[in-house]
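Novice: Before we start, here is the structure in question, set down as structure tokens.
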Amino acid sequence: MYTDLKDKVVVVTGGSKGLGRAMAIRFGQEQSKVVVNYRSNEEEALEVKKEIEEAGGQAIIVRGDVTKEEDVVNLVETAVKEFGTLDVMINNAGVENPVPSHELSLENWNQVIDTNLTGAFLGSREAIKYFVENDIKGNVINMSSVHEMIPWPLFVHYAASKGGMKLMTETLALEYAPKGIRVNNIGPGAIDTPINAEKFADPEQRADVESMIPMGYIGNPEEIASVAAFLASSQASYVTGITLFADGGMTKYPSFQAGRG
Ligand code: NAI
């Protein structure tokens, strides 16, 4: 636990399931004030709010689509209106779908880029604008992926979105470091969330993914939430512009593990 996270105002996009849910609940455990953004499933969002409150935090839920500028503007405005300020913006909402690149429609490409990259840009921009105007040494955390560095056939739109996020985060970190605003990425490997539910339900596919993870197991959402809490806390006060990979070693060329090559 990080005592300085108590009463901090934290926005989590895509906060009703998967990694967003785990992070929202973790900040609840930290006694933070959490704004849970959700796109459509109000019931799930209310369930997360309840868990945050039971853990000792405060929460509101805000519907919004991160691809829509007005929704992201409203998200930050609502956080400030309801909780008085903003301290941490977590741009987590993301989508993926496999398609051979030569068959990928422009519509599909745009949907993934708009959600994963443009959505994170809008969230970063609105948060940083508030931090600058109010002289707040705030914190932006963008949910990237090991695929900001590992190419991923059939997921060219996803890999491009996360690769773009890497330089977006590094650029924002450099630009706003003099104001004490920190901007970082989390780079999860394979984590058990609804985005992977179908794949991981198939024992063969699950074993195949596990074989690419030096630590030998698929991560839990809580193992990503703890990275978010660390980055948001003052324990990470000198950390900006990085991607903190939490991937069981997936980015460390596992095919070389047995001394091959
Ligand atoms: P998930 O599918 O369980 O959750 C994604 C959330 O984003 C959902 O709540 C969904 O409603 C929301 N969302 C999607 N489009 C949205 C939009 N336009 N506006 C608002 N919300 C929207 O997926 P998961 O696994 O929790 O993924 C969260 C983030 O973590 C994504 O950015 C994903 O790329 C990233 N990630 C996940 C990994 C994994 O293995 N689960 C690995 C690496 C990165």
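Novice: Quick check on this structure: which one of GLU82, GLU69 is charged (D, E, K, R), in contact (Cβ under 8 Å) with a residue 40 or more places away in the chain and more than 15 Å from the ligand (Cβ to nearest atom)? Can you show your working first?
Specialist: Working: GLU69 fails: more than 15 Å from the ligand (Cβ to nearest atom).
Residue meeting the stated conditions: GLU82.
Novice: Go over the candidates PHE230, PHE200 one by one and state the one that is part of a helix (DSSP H, G or I), touching a Lys or Arg at 6+ places or on another chain (Cβ under 9 Å) and hydrophobic (A, V, I, L, M, F, W, C).
Specialist: PHE200
Novice: Would you be able to say whether some residue in region 4-20 is at pLDDT 95 or above, within 14 Å of the ligand (Cβ to nearest atom) and either over 25 Å from GLY189 (Cα atoms) or of a type in the set (Asp, Glu) (or both)?
Specialist: First, the residues of region 4-20 that are at pLDDT 95 or above: 4-20.
Then keep just the ones that are within 14 Å of the ligand (Cβ to nearest atom); that gives 11-20.
Going one step further and asking which of them are either over 25 Å from GLY189 (Cα atoms) or of a type in the set (Asp, Glu) (or both), we end up with none.
No, every residue in region 4-20 fails to be at pLDDT 95 or above, within 14 Å of the ligand (Cβ to nearest atom) and either over 25 Å from GLY189 (Cα atoms) or of a type in the set (Asp, Glu) (or both).
Novice: Would you say VAL112 is among the hydrophobic types (A, V, I, L, M, F, W, C) and buried (at least 22 other Cβ atoms within 10 Å of the Cβ)?
Specialist: Details: among the hydrophobic types (A, V, I, L, M, F, W, C): yes; buried (at least 22 other Cβ atoms within 10 Å of the Cβ): yes.
Considered against the rule, which asks whether it is among the hydrophobic types (A, V, I, L, M, F, W, C) and buried (at least 22 other Cβ atoms within 10 Å of the Cβ), VAL112 comes out as yes.
Novice: Could you look through region 23-63, keep only residues that are among the small types (Gly, Ala, Ser) and at negative phi, and pick out the one that is nearest to the ligand (Cβ to nearest atom)?
Specialist: The extreme case among them is SER40.
Novice: Is it the case that region 135-148 has a residue that's closer than 17 Å to MET250 by Cα, of a type in the set (A, V, I, L, M, F, W, C), within 15 Å of the ligand (Cβ to nearest atom) and part of a loop (DSSP other than H, G, I, E, B)?
Specialist: No, region 135-148 contains no residue that is closer than 17 Å to MET250 by Cα, of a type in the set (A, V, I, L, M, F, W, C), within 15 Å of the ligand (Cβ to nearest atom) and part of a loop (DSSP other than H, G, I, E, B).
Novice: Quick one: which of ILE128, ILE195 is assigned to a helix (DSSP H, G or I), modelled with pLDDT under 95 and out of contact with any Lys or Arg (no Cβ under 7 Å at 6 or more places or on another chain)?
Specialist: After ruling out the rest, the residue left standing is ILE195.
Novice: Pairs under 8 Å by beta carbon, first residue more than 21 Å from VAL76 (Cβ to Cβ) in region 30-46, partner near the ligand (Cβ under 10 Å from one of its atoms), six or more apart or different chains?
Specialist: Taking only residues 6 or more apart or on different chains, the pairs are ASN41/SER16; ASN41/LYS17; GLU44/SER16; GLU44/LYS17; GLU44/ARG21; GLU44/TYR38.
Novice: Here is a list of conditions, (1) without any contact (Cβ under 8 Å) to a residue 40 or more places away in the chain; (2) within 14 Å of the ligand (Cβ to nearest atom); (3) not aliphatic (A, V, I, L, M), and LYS166 meets all of them except one; can you say which number that is?
Specialist: All conditions pass for LYS166, except number (1).
Novice: While we're here: Does GLY187 fit the bill of being within 15 Å of the ligand (Cβ to nearest atom) and outside any helix (DSSP H, G or I)?
Specialist: yes
Novice: Let me ask you something else. With the condition kept exactly as written, say whether any residue in region 188-200 is without any contact (Cβ under 8 Å) to a residue 12 or more places away in the chain and farther than 17 Å from ALA93 by Cα.
Specialist: yes
Novice: Please work out if THR251 is buried (at least 20 other Cβ atoms within 10 Å of the Cβ) and either more than 16 Å from the chain's Cα centre (by Cα) or of a type outside the set (Asp, Glu) (or both).
Specialist: no
Novice: Give me the residue from region 87-134 that is within 30 Å of LYS199 (Cα to Cα) and acidic (Asp, Glu) and, out of that set, farthest from the ligand (Cβ to nearest atom).
Specialist: Only one residue fits best here, namely GLU103.
Novice: Of the residues in region 235-261, how many are touching a residue at least 12 places away in the same chain (Cβ under 8 Å), within 20 Å of VAL146 (Cβ to Cβ) and part of a loop (DSSP other than H, G, I, E, B)?
Specialist: Of the residues in that region, 10 qualify.
The values are calculated or read from the model by the stated rules, or taken from the named source; none is laboratory data. Bear in mind the structure is a predicted one, so any value in this text is a computation, not a measurement. With ideal geometry, Cβ positions are generated from the backbone for all residues, glycine too; neighbour counts draw on all protein chains shown.
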